[in-house]
Amino acid sequence: MAHVFLGTEHRRFTDGVAEVDVEAATVKELIAKLEVRFPGIGRELEGNAVAINGEVIAYATYERVPEGAEIYFVPAASGG
């Protein structure tokens, strides 16, 4: 099971929940399970970089999620 930390920009989908545990083999499966639990969050998370145990991965869709991993979704930076 992975421990997922949700940033403030994603908490509008979770009613303020900041951390959840999710059983998933890949990041894609993890996002799908979060979408079931928190409708609408999946689109927001897709395309974000993901930090798995501190390693930031830009295109993490098919990355494996190790047992006990700490997962952070890193929103795309904007600016001009």
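Name the most mobile residue of 65, 36, 50, meaning the one with the largest mean-square fluctuation, in a Gaussian network model of the chain with Cα contacts below 10 Å.
Answer for the Gaussian network model of the chain: 36.
Per residue, what accessible area does the chain have, given a 1.4 Å probe and all protein chains present, in Å²?
62
For the chain, with all protein chains present and a 1.4 Å probe, just round the carbon and sulfur fraction of the accessible area to a whole percent. Kindly include the intermediate steps, with their values, before the conclusion.
Numbers: 2540 of 4930 Å².
After summing per-atom areas, the C and S share lands at 51 percent.
Starting from the Kirkwood Rh over alpha-carbon pairs, what translational D in µm² s⁻¹ does the chain have by Stokes-Einstein at 25 °C and 0.890 mPa s?
It comes out at roughly 197 µm²/s.
Mind giving me the nanometre distance, one decimal, between the label points for residue 15 and residue 55, set 7 Å out from Cα along Cα→Cβ?
Here the modelled spin labels are 3.6 nm apart.
So what are the ³J(HN,Hα) numbers for region 67-74, from phi and the Karplus equation (6.51, -1.76, 1.60; θ = phi - 60°), rounded to whole Hz, Gly and Pro as x?
Those phi angles translate into 4, x, 5, 9, 10, 10, 9, 9 Hz.
From the helices alone, meaning DSSP H stretches of at least four residues, give me the mean residue ellipticity at 222 nm for the chain, per-run term -39500 (n - 2.57), in deg cm²/dmol to the nearest 500.
Helix-only estimate at 222 nm: -5500 deg cm²/dmol.
The values are calculated or read from the model by the stated rules, or taken from the named source; none is laboratory data. Please read all numbers here as calculations on a predicted model, not as lab measurements. Heads up, the Cβs are rebuilt from the backbone with ideal geometry, glycines too, and the neighbour counts pull from every protein chain shown. Only protein heavy atoms, including side chains, enter the accessible area calculation; ligands, DNA and RNA are left aside. Shrake-Rupley method; radii C 1.70, N 1.55, O 1.52, S 1.80 Å.
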